[in-house]
Amino acid sequence: MDRDRRRALQVWIALNRAQHAVDAPLRRQVEVHDLTMKEFAVLEVLLHKGPLPVGEVGERVLLTSGSMTYVLDKLEEEGLVTRRADDDDRRIQIVRLTDDGRDRIEQVFPEHAVMIQTLMSDLSIREKETLFRLLRRLRDSAARS
């Protein structure tokens, strides 16, 4: 196997292991608040972006239509979000945080952000910036393939 292919495989393995190592404590932190990572992701995007169409929420949190429906059903049952038809196009459902949903995510998100910072504390700001640029390049390159 040539050197470039071997290194690419090593990077893939390291990337997956790093993602798993970061994901596990973040998942536990979110679950303490009786949320799944998918539920947290939906609440977080609504907190930072405001009300959005269902499809856009799904795109932003990387959920399929079926998964999105399931997650929204659960969040709606818990009184954390609402879905209402758009005033201009009734075919589009707009998802909004309820007051309880806003309270929950405003409690969870700051802890989550601190944990992410802590998990990445061995990297300098410059290293984080470099890693960010490299991961975006990798994402863009993979998207073109």
Q | Computed over segment 3-144: relative contact order in percent, which uses C-alpha pairs under 8 Å that are six or more apart | A | 22 percent
(Q) Just checking my list (1) 15.1; (2) 17.4; (3) 16.2 against Kirkwood radius over Cα pairs in Å computed from this structure; which label fits? (A) (2)
Q) In whole Å, what is the distance between the alpha-carbon centres of segment 98-131 and segment 1-45? A) 14 Å
Q) Along the charge dipole of segment 3-144, Cβ charges K/R +1 and D/E -1, which of 118, 30, 101 sits furthest on the positive end? A) 118
Q) Given a Förster distance of 25 angstrom, what is the FRET efficiency for residue 124 paired with residue 145, based on the Cβ-Cβ distance and rounded to 0.05? A) 0.20
Q.
Going Cα to Cα from residue 38, which lysines come in below 24 Å? Please leave out same-chain ones fewer than 8 positions away.
A. 49, 74
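Assigning unit charges at the beta carbon (Lys, Arg +1; Asp, Glu -1) and nothing else, what dipole magnitude in debye, to the nearest 20, does segment 3-144 show about its Cα centre?
Details: 25 positive and 25 negative charges, 258 e Å.
The calculation lands at about 1240 debye.
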(Q) Given points 7 Å out from each Cα along the Cα-Cβ axis, report the residue 115 to residue 21 separation in nanometres with one decimal. (A) 1.8 nm
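Bear in mind that the values in this text are calculations on the coordinates, not laboratory data. Nothing here was measured: the structure is a model prediction, and the numbers come from that model. When we count neighbours, we look across all protein chains shown, and the Cβ atoms used for this are built from the backbone with ideal geometry, even at glycine.
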